[in-house]
Amino acid sequence: MDAMTFVLFGATGDLAKRKIYPALYNLYIDNKLPEGFSVFGLGRREISNEDFQASVRDSLHKFSRRLGIGDRLESFLSSFRYSALNVNNVEDYSTLLSAVQERENELKIPENRMFYLSVAPEYFGTIAQNINQSGLGTVKGWRRLIIEKPFGHDLESARALHESLEQSFAEEEIYRIDHYLGKPMVQNLEVLGFANPVLQALWTNRYIANVQITANELVGVEDRAGYFDTAGTIRDMFQNHMLQILMMVTMHLPKRSTPEEVRMKKRDIVASLRPIAKDEVINHVIRGQYSAGELNQSPVPGYLDENGIEAGSRNDTYVAAKVWIDTPFWSEVPFYIRTGKRTHEKSTRIVVEFKEPLKMSSDAEEEAAPNLLTIEINPMESITLQLNTKSAGSDGKLEPIHMHFSSNSKNAPEAYENLIHDAMLGDSTFFAHWDEVELSWKWIQPVLEAFKEDIIPLHLYPAGTNGPEAAHQLLAEDGNQWW
Ligand code: BG6
C-alpha cells in the first residue's frame with residue numbers, strides 16, 4: 001500500500017472518536033497501514049498535538065476492540081498531529097499545507113493525500129474548493145476524498161451537493177461511505193453470487209418467489225432529533241442502506257469484478273426500479289411512527305415525546321415498501337423492504353423465498369414449507385437454507401430442516417475498517433457511486449413528496465413491536481408473509 005497522509009476534517013467529532021480512530025488502530029494492529037503514514041486531525045479549537053493524541057488514546061480505550069496492546073498504541077499515536085482550521089479560511093489551508101509538506105519530507109513519503117470529511121455536508125463544497133485553492137490538493141501522487149451521508153435531502157439538493165464537489169474533485173477521487181457496504185456479510189453478497197454456480201443458476205425470477213430485506217432497530221431517535229426529525233427513516237435508512245442492499249443482492253456478477261463493473265451493474269439495477277408515481281405511493285409504501293411502548297419490560301416513550309421532536313411531528317420512523325425491478329432477471333419478483341426504529345429486535349437480514357415449481361403432492365395435508373435462504377447481516381452473520389426432509393420419527397411427514405453456516409465474527413473487521421482500507425487502496429467497489437446515488441434519489445422523490453404532502457397514512461406502532469399492522473397487510477395482499 002502507498003505511503004500517505006490522512007487529513008481528517010472533524011477530528012474532535014463523535015464519528016472520528018467512535019469509528020475512525022478505532023478503525024485506523026485496528027488496521028495498524030493488523031499491519032494494514034502503510035509504512036509511511038501520517039495523520040493530520042483538524043478542528044476549530046486550538047489544541048496541542050499532545051492533547052489531541054491523548055483524546056485519540058481515550059477514544060481507543062472506549063471504542064477499539066483491539067486494546068491492551070500498549071507499546072504499539074504509543075507508536076500508532078506518534079503519527080498523529082493536530083492543526084486548528086477554520087473551514088472557510090483559505091489561509092488556514094495554506095498553513096496546513098506547509099505542515100503536511102514538512103511531515104512528508106521528514107518521513108520521506110510521496111504526496112499521496114487522503115482527505116476525510118467527517119463534517120456536516122453543507123461544508124463539503126467549501127472544503128473541497130479550499131483544498132484546491134490552497135494547493136493542498138495539488139499533489140505529485142494521488143488524492144482522494146472520503147465523505148459520509150447524508151448526500152443531500154432530496155434529488156435537487158443531492159445534485160447541488162454533487163455539483164459543488166465536482167468542481168474540485170473527479171468522481172474517481174470521491175469515496176462516498178455507506179457503512180452498510182462495509183459490513184462483511186453485505187460484502188460477501190458479491191462473492192456468494194459469482195462463486196456459487198448453484199446460487200447463480202437459481203438467482204432469477206424463474207425460481208425466486210420474493211425477496212425480503214429487513215433492517216429492524218431497537219434504538220429510537222436517541223439524541224439526534226435535530227437531524228432525524230427532518231430526515232425520517234426514508235432518508236436515514238431507506239434511500240441509502242436499504243437500496244444499497246437491494247443492489248448488492250440483485251446484481252449478477254459472472255466473476256470477481258472490477259469496481260467499474262460493479263458500478264455499472266448497480267447503476268443498472270436502480271435504473272430499472274419500477275417508478276412509483278406520487279399518487280401510487282399509497283399502494284406500495286407503508287409509513288409508520290412509534291408510539292409509547294415497552295422494551296425489555298421497561299416503558300419507553302413514543303416518538304412525539306422524545307427530546308427535541310417537534311410537537312405533532314408526522315415524521316416517519318418506519319418504512320416498508322414493495323418494489324419491482326424491471327429486468328429480464330427480476331421482472332414479476334416482488335422485493336419487500338422494511339426498516340424501522342424501536343422495533344422488538346436488532347436485526348438486519350435478507351430472506352430469499354423460492355418458488356414451488358412442481359407442487360410436491362396433490363394431497364392438501366402435505367403442505368411443504370418454502371425453501372428459504374436467509375442471510376443474517378447484523379448482529380449475527382450467518383447463512384441458512386431451509387429445506388424439507390422426513391425423519392425417522394416423523395411418520396414420513398415433511399419437516400423443515402436448516403443447513404446453517406455462521407461465521408466466527410468476533411474478530412472480523414468492522415465496516416469502517418474495511419471501507420477505509422479499501423479507500424487507501426483506491427478500490428471503490430464498496431462505495432456509493434454518484435450514478436446510483438442520483439438514481440436512488442430520483443426514484444424515491446415521489447415518495448418524499450407523498451410523505452411531505454401527507455397524502456398517505458401515518459401508521460402508529462407501539463415501541464417494542466414488529467412494526468405497524470399495515471406492513472404485514474402489504475405482503476398478505478400478495479399471499480405472502482414476512483419471514
Ligand atoms: C445510520 C443511521 O446510518 O445507521 C442510524 O443514521 C441507524 O439512524 C444506523 O441507527 C444503523 O446502523 P447499524 O450498523 O447499527 O445497523
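Summary table below
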{"read-out": "Backbone N under 20 Å from the ASP2 label point (7 Å along Cα→Cβ), restricted to region 69-106", "value": "97-106"}
{"read-out": "Exceeding the 19 Å Cα-Cα cut-off - candidates LYS183/LYS346; LYS32/LYS62; LYS32/LYS140; LYS149/LYS322; LYS17/LYS140", "value": "LYS32/LYS62; LYS32/LYS140; LYS149/LYS322; LYS17/LYS140"}
{"read-out": "14 Å beta-carbon shell around HIS404, net charge (K/R +1, D/E -1)", "value": "-1"}
{"read-out": "Pairwise Cα inverse-distance average, inverted: Kirkwood Rh of region 239-311 (Å)", "value": "16.3 Å"}
{"read-out": "Residue order, fewest to most surrounding Cβ atoms within 10 angstrom, among ASP326, ASP395", "value": "ASP395, ASP326"}
{"read-out": "Förster radius 45 Å - calculated FRET efficiency between ALA160 and GLU367, Cβ distance, rounded to 0.05", "value": "0.25"}
{"read-out": "Segment ASN283-GLU261, extension gain: residue separation times 0.36 nm, minus the distance between their alpha carbons", "value": "4.5 nm"}
{"read-out": "DSSP-assigned coil residues among trypsin sites (Lys or Arg not before Pro) in region 129-210, each with at most 10 further Cβ atoms within 10 Å", "value": "LYS140"}
{"read-out": "Footprinting exposure proxy for THR317, THR5 (fewest neighbouring C-beta atoms within 10 Å first)", "value": "THR5, THR317"}
{"read-out": "Estimated inter-spin distance, ASN105 and ALA84, nm [label 7 Å along Cα→Cβ]", "value": "2.5 nm"}
{"read-out": "Length released on extending from THR384 to LYS140, taking residue separation times 0.36 nm less the Cα-Cα span", "value": "82.9 nm"}
{"read-out": "Ordering of 449-456, 396-403, 52-59 by burial proxy (mean other Cβ atoms within 10 Å per residue, highest first)", "value": "52-59, 449-456, 396-403"}
{"read-out": "Estimated distance in nm for a label pair at ALA412 and ASP305, the labels positioned 7 Å out from Cα along Cα-to-Cβ", "value": "3.8 nm"}
{"read-out": "Simple label model, 7 Å out from Cα along Cβ direction - PHE329 to ASP435, nm", "value": "1.4 nm"}
{"read-out": "Signed unit charges on C-beta, dipole axis of the chain, positive-most listed residue ILE401, ALA84, VAL139", "value": "VAL139"}
{"read-out": "Estimated translational D of region 241-380 in µm²/s (Stokes, Kirkwood radius over Cα pairs; 37 °C; 0.692 mPa s)", "value": "176 µm²/s"}
{"read-out": "Shape parameters for region 154-226, alpha-carbon atoms, Rg then Dmax in Å", "value": "18.6, 48"}
{"read-out": "Per-pair calculated FRET efficiency, R0 = 30 Å: LYS452 and ASN205 via Cβ, rounded to 0.05", "value": "0.35"}
{"read-out": "Gyration tensor (alpha-carbon) shape descriptor, the chain, a/c threshold 1.5", "value": "prolate"}
{"read-out": "For region 373-483, the spread of Cα positions along each principal axis, largest first, Å", "value": "56, 47, 28"}
{"read-out": "Cut-off 9 Å between beta-carbons: net charge of the residues surrounding PRO370, Lys and Arg +1, Asp and Glu -1", "value": "-1"}
{"read-out": "Beta bridge orientation in the chain: antiparallel %, DSSP, nearest 5", "value": "55 percent"}
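No value in this document is a laboratory result; all are computed from the given coordinates. Because the structure is a prediction, the values reported are computed rather than measured. Glycine gets a Cβ as well: all are built from the backbone with ideal geometry, and neighbour counts include every protein chain shown.
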